[in-house]
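**Student:** Have a look at this one.
The values are calculated or read from the model by the stated rules, or taken from the named source; none is laboratory data. Bear in mind that the values here come from a model prediction, so they are computed numbers and not experimental data. Because the Cβ atoms are built from the backbone with ideal geometry, glycine has one as well, and the counts that use them run over all protein chains shown.
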Amino acid sequence: MPLSSHRQARPAAEAARCAAAEGRYWAYHDRLFAEQPRFAEDRLIAYAVDLGLDRDAFARCLAERRFARDVEADVRQARALGVRGTPTFIINGRVLVGAHPVETFRTIIEEFLRDQHVGAIPGPPLEDTLPFVKVMEVDGVVVGQGTLVESQGVALAVFKGGDGRFFACGAICPHEDGPLAEGWLEGDAVVCPWHGFDFDLQTGRCRVAEALSIPVYPTRVTEGAVEVDLP
Ligand code: FES
């Protein structure tokens, strides 16, 4: 999430992608973190060389801005999720902005654990605590494709099934944070576009890895709009 207020953040993010292409993302990431804000181009290249990457190839990757579009896509996705700054945390769809003490995270996670399934960090409870809220118009929605929407601080992936039913779930795949709104429907399950894990949209449970689940929310259509019952 390179913020425009940090002039060198974007080149650094693109450099990290160049390192990732050589299988050294996390090592490079850690080096950037330790060296911030020393992100001038010659430094970015020197860090890569220190990690054993080829100087010329890395410099070319940087100069060509080979991963500029990928970084821009990340920024757009973050904005669509309502992320405007760092740090921002999304815990089972609940957005937490800013630096918080560990107790805050513990409380939120314990609430989820108390309210939901055993053996997973689950989604929020489905009981009615708020009325249904409108999240999008029905018009133009393509069957099987996801739409990313944000409502009341919750990032949602909304899908229309072949039978006209709508499904809503958390937007982030719990496997490795894949974008579920870019996934697709298979029956009553959403398939994550990154590694293909699928999640039952009735229960939220992952069909591939039992320990994983996503929050799912009741939906209804009223006067041409999709409404979701958020926790
Ligand atoms: S991130 Fe979704 S399956 Fe890996």
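Yes or no, residue by residue, for (1) more than 10 Å from the ligand (Cβ to nearest atom); (2) at pLDDT below 90:
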position: Ala168; (1), (2): yes, no
position: Ala171; (1), (2): yes, no
position: Leu180; (1), (2): no, no
position: Glu186; (1), (2): yes, yes
position: Cys192; (1), (2): no, no
position: Asp198; (1), (2): no, no
position: Val208; (1), (2): no, yes
position: Ala211; (1), (2): yes, yes
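**Student:** Which ones in the stretch 189-209 are more than 19 Å from the chain's Cα centre (by Cα) and under 17 Å from Phe112 (Cα atoms)?
**Tutor:** Thr203
**Student:** Could you say whether any residue in the stretch 91-100 is more than 20 Å from Ser5 (Cβ to Cβ), free of Cβ contacts under 8 Å to residues at least 40 places away in the same chain and surrounded by fewer than 16 Cβ atoms within 10 Å (Cβ to Cβ)?
**Tutor:** As a first pass, look at the stretch 91-100 and keep what is more than 20 Å from Ser5 (Cβ to Cβ): 91-96, 100.
If we keep only those that are free of Cβ contacts under 8 Å to residues at least 40 places away in the same chain too, we end up with 91, 96, 100.
From the residues that got through so far, the ones that are surrounded by fewer than 16 Cβ atoms within 10 Å (Cβ to Cβ) too are 96, 100.
Yes; the residues of the stretch 91-100 include at least one that is more than 20 Å from Ser5 (Cβ to Cβ), free of Cβ contacts under 8 Å to residues at least 40 places away in the same chain and surrounded by fewer than 16 Cβ atoms within 10 Å (Cβ to Cβ).
**Student:** Would you mind stating whether Arg10 is touching a residue at least 60 places away in the same chain (Cβ under 8 Å), in a helix (DSSP H, G or I) and either touching a helix residue (DSSP H, G or I) at 6+ places or on another chain (Cβ under 7 Å) or of a type in the set (Asp, Glu) (or both)? Reasoning before the result, please.
**Tutor:** Numbers: touching a residue at least 60 places away in the same chain (Cβ under 8 Å): yes; in a helix (DSSP H, G or I): yes; either touching a helix residue (DSSP H, G or I) at 6+ places or on another chain (Cβ under 7 Å) or of a type in the set (Asp, Glu) (or both): yes.
Yes.
**Student:** Regarding Gly162, is this residue more than 22 Å from Asp115 (Cβ to Cβ), modelled with pLDDT under 90, more than 11 Å from the ligand (Cβ to nearest atom) and in the same structural domain as Phe112 (by TED's automatic domain parsing)?
**Tutor:** Judged against the criteria, Gly162 is a match.
**Student:** Taking the stretch 28-40 as the search range and keeping residues that are of a type outside the set (D, E, K, R) and surrounded by fewer than 18 Cβ atoms within 10 Å (Cβ to Cβ), which one is nearest to Asp56 (Cα to Cα)? Before you say what the answer is, go through the steps one by one.
**Tutor:** Quick first cut of the stretch 28-40, residues of a type outside the set (D, E, K, R) only: 28-29, 32-34, 36-37, 39-40.
Subset that is surrounded by fewer than 18 Cβ atoms within 10 Å (Cβ to Cβ): 29, 33-34, 36-37, 40.
Details: His29: 20, Phe33: 23, Ala34: 24, Gln36: 23, Pro37: 23, Ala40: 16 Å.
Once the filter is applied, the top-ranked residue is Ala40.
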